[in-house]
Amino acid sequence: MKKNTADVVILGAGAAGLMAAATAGYAGRKVLLLDHTDKPGKKILMSGGGRCNFTNLNTTPANFVSANPHFCISALKRYSPQHFVELVERHGVDYVEKAPGQLFCAGKSREILDVLLTEADWAGVDLRMQTAIEKVETTADSVSLQTSAGRVDAGSLIVATGGLSIPTLGASGFGYDLARQFGLKVWPTRAGLVPFTLHPELKNHLAPLSGLSTEVEASCRGVLFKEPLLITHRGLSGPAILQLSSYWQPGDKITINWLPHLKLDEELRQLRQSSPRSSLNAWLVEQLPKRLVTTLMTLLENQTGPLPERLADWSNNQLDAASEYLQNWTFTPAGTEGYRTAEVTLGGVDTQAISSRDFSVKSLPQIRFIGEVLDVTGQLGGYNFQWAWASGVAAGQGLA
């Protein structure tokens, strides 16, 4: 490839880039899709535990975090989850609804990637991997790229380079660097949908419980999720924690309700009256994993001192304190595991400078940004893939 021309060059052969490429190709555009890695769609392949949670039927703008929350409305409305479901059904991909609205492949994630690659192939997309971008220049109505394989001239450029999460799969900050080159604001980035790490004292208590999972209510900054929590040897994970990580800021406290299905203060007073000889430990073991109960009661007694064995000997204040502790268990994370294990990158290209109709830069209409590189981040549960599909289609159609 010493010198090439195309109607549109797309950088990044991930979910958003492949979707934009196929859409633009079907619109009659000559499309060149470039990626610096050796294989396309690596994050698609590893997503959802290898089963790819490819959309969420209940997607709304409220499921996204952004400094400009209205930006995502238009694209999500124009390309709905049902549109993508119809696409995978046309390709014969079987899927299951694991949780309300969350659609996964019945087989492997590879099936979703194959759908996208097939669509791109049918649309005439020229896909070239292991091609590094060395320089990007713009003229009044075109773009010129210097790549590791030569020069490319195009009418438009779509940047679908993703964020910083999971660098082992090829993630980089290249898209942010390009945005800054074009004079765009880039909001500070940080890891999202990522496990928390713990300070040593609490970690020493919880690490022996590694692998234990239970449903909780977890809250931070007024946001609450009722989903499973998973204890790991490094800290806390599971859907409830991953969800909160996208709202948490360093220094914030996290509150866990270990018994979200109960009004615990009322329950314990009734239990003391009906079964005065029973113990709180024995009753809690019927509600929560035994090892977790032992640890929580140890931590509680570290605060209060020894507690009575029989409920009959508990005072109202002691019962209230136990209820408060178990339903408002509060800790301050040491931090997160960072981009190494994060599913998404928060922050990114400021959408105030981007058209919500076709995702072009308002001051440089031949440039478009889509997908994770933008300051739009979905919650856990298929929302980020739906954003990739919707933004990719909007950008690809906008070239027509």
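The values are calculated or read from the model by the stated rules, or taken from the named source; none is laboratory data. These numbers come from a predicted model, not from an experiment. Note: ideal-geometry Cβ built from the backbone for every residue, glycine included; neighbour counts use all protein chains shown.
Tell me the residue from THR59, THR118 that is under 22 Å from GLY163 (Cα atoms), at pLDDT 95 or above and of a type in the set (Ser, Thr, Tyr), please.
Only one candidate passes the filter, namely THR59.
Annotation: THR189 fulfils all but one of (1) surrounded by 22 or more Cβ atoms within 10 Å (Cβ to Cβ); (2) within 28 Å of the chain's Cα centre (by Cα); the unmet one is (1). Give the residue that is surrounded by the most Cβ atoms within 10 Å (Cβ to Cβ), with candidates limited to residues of region 340-356 that are in a loop (DSSP other than H, G, I, E, B) and in contact with a Phe, Trp or Tyr (Cβ under 9 Å, 6 or more places away or on another chain). Here the answer is ASP350. Mind checking whether some residue in region 277-286 is without any contact (Cβ under 8 Å) to a residue 24 or more places away in the chain, under 29 Å from ALA312 (Cβ atoms) and β-branched (Val, Ile, Thr)? Yes; the residues of region 277-286 include at least one that is without any contact (Cβ under 8 Å) to a residue 24 or more places away in the chain, under 29 Å from ALA312 (Cβ atoms) and β-branched (Val, Ile, Thr). LEU103 fulfils the conditions (1) closer than 21 Å to LYS42 by Cα; (2) part of a helix (DSSP H, G or I); (3) aliphatic (A, V, I, L, M) except for a single criterion, (2). Whether a residue is aliphatic (A, V, I, L, M), part of a loop (DSSP other than H, G, I, E, B) and out of contact with any Cys (no Cβ under 6 Å at 6 or more places or on another chain) was assessed, and ALA62 does not pass this test. Is region 223-239 home to any residue that is touching a Leu at 6+ places or on another chain (Cβ under 6 Å) and polar (S, T, N, Q)? Yes, region 223-239 contains at least one residue that is touching a Leu at 6+ places or on another chain (Cβ under 6 Å) and polar (S, T, N, Q).
If we scan region 375-394, do we find a residue that is on the phi < 0 side of the Ramachandran plot and surrounded by fewer than 16 Cβ atoms within 10 Å (Cβ to Cβ)? Within region 375-394, not a single residue is on the phi < 0 side of the Ramachandran plot and surrounded by fewer than 16 Cβ atoms within 10 Å (Cβ to Cβ).
When THR294 is tested against the conditions (1) free of Cβ contacts under 8 Å to residues at least 24 places away in the same chain; (2) assigned by TED's automatic domain parsing to the domain that holds VAL186, the lone failure is (2). State whether one or more residues within region 368-384 are part of a loop (DSSP other than H, G, I, E, B) and over 30 Å from CYS220 (Cα atoms). No, region 368-384 contains no residue that is part of a loop (DSSP other than H, G, I, E, B) and over 30 Å from CYS220 (Cα atoms). When ALA207, ALA218 are checked against the criterion of being assigned by TED's automatic domain parsing to the domain that holds PRO260, surrounded by 16 or more Cβ atoms within 10 Å (Cβ to Cβ) and modelled with pLDDT of 95 or more, a single residue qualifies: ALA218.
Do we have ALA24 as part of a strand (DSSP E or B), of a type in the set (Gly, Ala, Ser), touching a residue at least 12 places away in the same chain (Cβ under 8 Å) and over 30 Å from PRO188 (Cβ atoms) here?
no
Please find, within region 65-100, the residue that is surrounded by the most Cβ atoms within 10 Å (Cβ to Cβ) out of those that are small (Gly, Ala, Ser) and assigned to a loop (DSSP other than H, G, I, E, B). The residue in question is SER66.
Scanning region 324-339 for residues that are in a strand (DSSP E or B), touching a Phe, Trp or Tyr at 6+ places or on another chain (Cβ under 8 Å) and not hydroxyl-bearing (Ser, Thr, Tyr) gives TRP329, GLY335. Scanning for something under 19 Å from the mean Cα position of the chain (by Cα), without any contact (Cβ under 8 Å) to a residue 24 or more places away in the chain, assigned by TED's automatic domain parsing to the domain that holds ARG357 and in a loop (DSSP other than H, G, I, E, B), does region 30-43 turn up at least one residue? No, every residue in region 30-43 fails to be under 19 Å from the mean Cα position of the chain (by Cα), without any contact (Cβ under 8 Å) to a residue 24 or more places away in the chain, assigned by TED's automatic domain parsing to the domain that holds ARG357 and in a loop (DSSP other than H, G, I, E, B). Against the numbered list (1) more than 19 Å from THR332 (Cα to Cα); (2) in the same structural domain as THR298 (by TED's automatic domain parsing), VAL186 comes up short only at (2).
Listed residues ALA140, ALA132; which is surrounded by fewer than 21 Cβ atoms within 10 Å (Cβ to Cβ), closer than 29 Å to ASP350 by Cα and in contact with a His (Cβ under 8 Å, 6 or more places away or on another chain)?
Answer to the check: ALA132.
Among helices (runs of 4 or more DSSP H) entirely within region 216-317, having at least 3 residues that are over 19 Å from the mean Cα position of the chain (by Cα) and more than 19 Å from THR336 (Cα to Cα) singles out 264-274, 280-285, 290-304. Looking only at region 113-131, which residues are in contact (Cβ under 8 Å) with a residue 60 or more places away in the chain and touching a Leu at 6+ places or on another chain (Cβ under 9 Å)? Scanning region 113-131 gives LEU113, LEU116, LEU117, GLU119, ALA120, VAL125, ASP126, LEU127, ARG128, MET129, THR131. In region 155-177 there is no residue that is more than 24 Å from GLY347 (Cα to Cα) and among the hydrophobic types (A, V, I, L, M, F, W, C).
Annotation: of all residues in region 223-248 being in contact with a Gly (Cβ under 6 Å, 6 or more places away or on another chain) and aliphatic (A, V, I, L, M), the one that is surrounded by the fewest Cβ atoms within 10 Å (Cβ to Cβ) is LEU230.
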